[in-house]
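Asker: Here it is, the structure in full.
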Amino acid sequence: MTSDNSTTRQPRILVVDDDSDVLALLAKWLKDEKFDVVTVSSGKDALAQIGITRPDLVLTDLVMDEMDGMALLSEIHRQKPLLPVIMLSGQAKIPDAVKATHLGSSAFLTKPVEKDELIEQIRKHLHLSGDNSNGKIPFGEDIIYRSSVMAELIEQSRAVADSDITVFITGETGTGKEILAKAIHDASPRRDRPFIGVNCGAIPEQLLESELFGHEKGAFTGAMTQHDGLFKAADGGTLFLDEIGDMPLDLQVKLLRVLQDFQVRPVGSVRSVPINVRIISATHNNLEQAVKEGTFRADLYYRLKVVPLSIPALRERPEDIELLLDYYLERFSRKRGEPKKSFSPEALSHLISAPWPGNVRQLINVVDLCATMNKTDIIPLSMVQKALGEEEGDLRTLKDAKHSFERDYLISVLQLTKGQVASSARIAGRNRTEFYKLLNAHNIDPADFRKPPGN
Amino acid sequence: MRKGKGKFLDKIIVQCDPDLEDLIPGYLNNREKDIVAIRESLDSGDFEKVRTLGHSMKGSGGGYGFDEVTRMGSRIESAALAKDVEGVEEALQELEDYINRVEVVFS
Ligand SMILES: Nc1ncnc2c1ncn2[C@@H]1O[C@H](COP(=O)(O)OP(=O)(O)OP(=O)(O)O)[C@@H](O)[C@H]1O
Ligand SMILES: [Mg+2]
């Protein structure tokens with residue numbers, strides 16, 4: 001609902017059905033409840049009305065001639081991702097219901113529908129019902145911001161958290177794509193089920209398919225045991241497909257198929273199994289461009305991009321920088337049990353106008369580096385410049401030192417676990433995605449550690 | 001060859017929501033049109049049309065208070081799906097009978 005109409009008029013409901021008797025009945029029910037009702041008998045008219053009458057909710061039939069309810073739903077969400085859409089269907093086909101909720105339908109009801117149930121659902125999705133339990137769930141408490149661009153983004157994210165709608169997050173590296181995805185999961189009805197992240201770019205192409213979909217014992221050389229796959233592991237929860245832009249083309253086809261019928265077929269299996277996961281994907285690439293260049297499938301792109309959320313780069317929201325610096329200085333001091341340090345005014349203004357190519361992740365590193373290196377409580381401009389890598393000098397060597405320490409560490413952990421990434425990540429206190437990113441950065445292949453000794 | 005609303009037929013009393021009083025006559029009238037349309041479609045072998053008509057009836061009947069219409073619509077839908085002419089005709093006959101005998105009270 002936009003703020004200009006929520007207080008001054010009754011909620012407006014657009015009702016779409018090609019059966020005039022159903023249309024008349026629904027209109028009557030809704031008018032009795034003092035809703036403002038607009039009726040149309042086709043999907044095409046519905047789309048036209050959305051621009052003109054600006055409904056607060058759409059109630060649509062599923063099966064209609066020409067444009068059916070599902071096509072209408074996708075089209076509505078391309079234009080207005082937050083507009084609640086309730087579907088009415090003549091038959092309760094579960095796959096339709098699942099597909100509809102992933103495409104963003106708020107509810108799926110079966111005809112003949114009971115008046116009370118319908119009204120209750122409508123009130124719920126207009127957020128008019130007394131039951132506001134979802135409003136109480138805190139959203140993304142660890143996401144720090146002050147800028148209005150971020151406030152808007154967080155508001156949008158909160159609004160979509162409540163449903164199963166497929167979310168697509170873009171933003172430069174380090175802008176917070178993963179913490180936003182997690183925040184959405186944590187505020188969703190799936191919050192008590194797993195949130196599983198997978199970095200589609202870090203896993204070797206041959207392994208990615210079985211990682212995602214699972215495999216049968218003996219499905220390929222090295223498949224010693226049956227493996228469930230991440231779709232299965234995320235059952236009932238959320239699967240976070242990170243760096244989706246790096247997914248190889250032939251796997252894109254397979255993923256598309258999974259998202260079309262919400263079933264997966266493990267590698268080497270003849271049977272498909274139904275899956276119940278919410279999909280959130282993310283990328284720092286420009287997928288629009290990738291689609292044009294033919295490296296990313298357009299049909300998959302549209303299926304993923306039901307609700308696009310774009311996180312602005314840190315330099316586009318400098319208002320947030322001071323708050324973030326303070327938050328991470330505080331965290332640093334608490335972790336170390338040391339008094340909290342602060343930046344000198346010149347250092348601060350320099351930080352606020354820095355370009356931050358690595359965004360919030362870079363900011364955290366800079367804070368940690370400055371807080372570690374600086375022996376006094378006030379961090380001066382010169383230290384900040386060093387930490388930002390703007391000065392040559394001994395910091396270069398520190399960077400190198402960190403790099404080679406990290407590399408040695410990774411190697412010894414992998415030796416210890418014989419190349420088991422999951423347990424290595426656990427030991428290193430990183431999630432698998434981050435761990436793979438580290439391995440990638442150092443060009444280390446965990447498979448090298450799995451070979452039997454003596455080779 | 002439709003039977004008139006014979007006075008000698010027992011009435012079937014159905015209670016409907018008084019709020020729907022204005023809509024009910026039109027609704028029943030549309031079902032009479034459906035019956036004609038289904039007969040015609042059956043004659044031309046257009047089972048898909050029969051199925052959709054049955055399907056819509058199934059979806060709307062209960063909402064107006066006519067659970068029987070929903071039930072009959074459902075029978076017509078599945079019979080049409082099976083291309084079962086007799087099944088459709090049987091359900092249609094019952095529907096027609098029902099429409100002729102139904103008397104709505106609003107309470
Ligand atoms: N608004 C924020 N408030 C507090 N911490 C944040 C914020 N945004 C990002 N961070 C922190 O910055 C780091 C990077 O965030 P995250 O991993 O979510 O970024 P990303 O966009 O997924 O990066 P990449 O593209 O490199 O995968 C994390 O430690 C995260 O907790
Ligand atoms: Mg990330």
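Asker: Let's test the formula: R0 of 30 Å, r as the Cβ-Cβ distance of A:ASP326 and A:SER423. What FRET efficiency results, to the nearest 0.05?
Answerer: 0.25
Asker: In percent, how large is the relative contact order of region A:270-373, given Cα pairs closer than 8 Å and 6 or more residues apart?
Answerer: It comes to 25 percent, rounded to a whole number.
Asker: For the protein assembly as shown, what does the accessible surface come to per residue with a 1.4 Å probe? Please give it in Å².
Answerer: Solvent-accessible surface per residue comes out at 50 Å².
Asker: Please build a GNM for chain B, connecting alpha carbons under 10 Å apart, and tell me which residue among B:VAL88, B:VAL14, B:VAL50 fluctuates the most.
Answerer: B:VAL14
Asker: Let me ask another. Within the set of other residues whose C-beta is less than 11 Å from the C-beta of A:ALA24, count the net charge using Lys and Arg as +1 and Asp and Glu as -1.
Answerer: -2
Asker: Helix A:319-336 sits at what angle to the longest principal axis of chain A, using alpha carbons and giving 0 to 90 degrees rounded to 10?
Answerer: 60
Asker: Then there is this: Which FRET efficiency value, to the nearest 0.05, do you get for A:ARG450 and A:LYS217 by plugging their Cβ-Cβ distance into 1/(1 + (r/R0)^6) with R0 = 22 Å?
Answerer: 0.80
Asker: Let me ask something additional. Taking a threshold of 25 Å on the Cα-Cα distance, which of the pairs A:LYS177/A:LYS232; A:LYS182/A:LYS232; A:LYS99/B:LYS33; A:LYS254/A:LYS292; A:LYS177/A:LYS375; A:LYS177/A:LYS451 fall above it?
Answerer: Beyond 25 Å between Cα atoms: A:LYS99/B:LYS33; A:LYS177/A:LYS375; A:LYS177/A:LYS451.
Asker: Here's another thing I want to ask about it. Given region A:148-312, what percent of its DSSP beta bridges are antiparallel, to the nearest 5?
Answerer: Expressed as a percentage, antiparallel bridges in region A:148-312 total about 15.
Asker: Calculate log10 I(q)/I(0) of region A:148-312 for q = 0.08, 0.14, 0.16, 0.18 Å⁻¹, where I(q) comes from the Debye formula with a single equal point scatterer on each Cα and nothing for solvent.
Answerer: -0.23, -0.70, -0.91, -1.13
Asker: Moving to a separate point now. Report the Stokes-Einstein translational diffusion coefficient (µm² s⁻¹, integer) for the protein assembly as shown, Rh taken as the Kirkwood radius over Cα pairs, at 10 °C with viscosity 1.306 mPa s. If you can, show how the numbers build up before the last one.
Answerer: Values: Rh = 27.8 Å.
The diffusion coefficient I find is 57 µm²/s.
Asker: Another question, if that's okay. In percent, what relative contact order does region B:2-107 have, based on Cα pairs under 8 Å that are 6 or more apart in sequence?
Answerer: Working: 124 pairs, mean separation 42.1, N = 106.
That works out to 40 percent.
Asker: Tell me which GluC sites (Glu not before Pro) from region A:98-194 have a DSSP coil assignment and no more than 10 other beta carbons within 10 Å of their own. Mind dumping the intermediate values first?
Answerer: Numbers: sites: A:GLU114, A:GLU117, A:GLU120, A:GLU141, A:GLU152, A:GLU155, A:GLU172, A:GLU178; in loops: A:GLU114, A:GLU141, A:GLU172.
The qualifying sites are A:GLU141.
Asker: Now for a different question. When the Cα centres of region A:327-361 and region A:225-251 are compared, how far apart do they sit, in Å?
Answerer: 36
Asker: Could I ask something else about it? Quick one: work out the % antiparallel among DSSP beta bridges in the protein assembly as shown, nearest 5.
Answerer: So the antiparallel bridges amount to about 5 percent of the total.
Asker: May I ask for the angle, rounded to the nearest 10°, between helix A:394-417 and the longest principal axis of chain A, with both axes built from Cα atoms and the value confined to 0 to 90°?
Answerer: 70
Asker: Another question, then. Quick one: in region B:28-101, what % of C-alpha pairs are over 17 Å apart?
Answerer: 29
Asker: What figure in square angstrom, to the nearest 10, would you give for the accessible area of A:LEU126 with a 1.4 Å probe?
Answerer: The value for A:LEU126 is about 0 Å².
Asker: Quick one: if the Förster radius is 51 Å, what FRET efficiency do A:GLN226 and B:GLU32 give, using the C-beta to C-beta distance and rounding to 0.05?
Answerer: Values: r = 61 Å, r/R0 = 1.19.
FRET efficiency, A:GLN226 to B:GLU32: 0.25.
Asker: What are the semi-axes of the equivalent ellipsoid of region B:16-62, taken as the square roots of 5 times the eigenvalues of the Cα gyration tensor, listed largest first and rounded to whole Å?
Answerer: Ellipsoid semi-axes (Å, largest first): 25, 11, 5.
Asker: Oh, and also: Calculate what fraction, in whole %, of the accessible area of chain A sits on carbon and sulfur atoms when a 1.4 Å probe is rolled over the protein chains.
Answerer: Percent of accessible area from carbon and sulfur atoms in chain A: 50.
Asker: Could you check how many percent of all C-alpha pairs in region A:12-125 are farther apart than 25 Å?
Answerer: 9
Asker: Also, I was wondering about something else. Take every residue in peptide A:18-25, count the Cβ atoms of other chains within 10 Å of its Cβ, and give the average of those counts.
Answerer: 6
Asker: Return one number: the angle in degrees, 0 to 90 and rounded to the nearest 10, between the long axis of the Cα atoms of helix B:67-81 and the longest principal axis of the Cα atoms of chain B.
Answerer: Approximately 0 degrees, to the nearest 10.
Asker: Then there's this: Per-residue Cβ counts within 10 Å, from other chains only, averaged over B:63-69: what number is that?
Answerer: For peptide B:63-69, the averaged partner shielding equals 3.
Asker: Just to make sure I understand: if all protein chains stay in place, what is the order of A:THR433, A:THR110 by accessible area at 1.4 Å, largest first?
Answerer: Result of the area sort, largest leading: A:THR110, A:THR433.
Asker: Normalised by the number of residues in chain A, what is the relative contact order in percent for Cα pairs under 8 Å and 6+ residues apart?
Answerer: It comes to 12 percent, rounded to a whole number.
Asker: For the protein assembly as shown, what does -39500 (n - 2.57) per DSSP helix run (n ≥ 4), summed and divided by total residues, give at 222 nm, in deg cm²/dmol to the nearest 500?
Answerer: -15500 deg cm²/dmol
Asker: In the Gaussian network model of chain B, springs joining C-alpha atoms below 10 Å, which of B:GLY61, B:GLY73, B:GLY26 carries the largest mean-square fluctuation?
Answerer: Among B:GLY61, B:GLY73, B:GLY26, the largest mean-square fluctuation in the Gaussian network model of chain B belongs to B:GLY26.
Asker: Sticking with this one: In Å and whole numbers, how far do the C-alpha atoms of region A:396-455 stretch along each principal axis, longest first?
Answerer: 38, 26, 16
Asker: Which residues does a label at A:VAL253 reach in region A:296-311, if reach means a backbone N under 20 Å from a point 7 Å past the Cα toward the Cβ?
Answerer: Taking a point 7 Å out along Cα→Cβ of A:VAL253, the residues of region A:296-311 whose backbone N falls under 20 Å are A:296-304.
Asker: Quick check: residue separation of A:GLU120 and A:ARG334 times 0.36 nm, minus the Cα distance between them. What number comes out in nm?
Answerer: 72.3 nm is the gain from fully extending A:GLU120 to A:ARG334.
Asker: Could you work out how far the C-alpha centroid of region A:33-65 sits from that of region A:139-164, in angstrom?
Answerer: 28
Asker: I'd like the Kirkwood hydrodynamic radius of region A:308-455, using the inverse of the mean 1/r over distinct C-alpha pairs, in Å.
Answerer: On the way: mean 1/r = 0.0574 Å⁻¹.
Result for region A:308-455 stands at 17.4 Å.
Asker: Using protein heavy atoms only (no ligands, DNA or RNA), what is the total accessible area buried between A and B, 1.4 Å probe, nearest 100 Å²?
Answerer: On the way: alone 22890 and 6370 Å², together 28090 Å².
Counting both chains, the buried surface is close to 1200 Å².
The values are calculated or read from the model by the stated rules, or taken from the named source; none is laboratory data. Quantities reported herein were computed from a predicted structural model and do not represent experimental measurements. Neighbour counts are summed over all protein chains in view; Cβ atoms, including those assigned to glycine, are modelled from backbone coordinates with ideal geometry. These area figures cover heavy atoms from the full protein model, side chains too; ligands, DNA and RNA do not enter into them. Shrake-Rupley method; radii C 1.70, N 1.55, O 1.52, S 1.80 Å.
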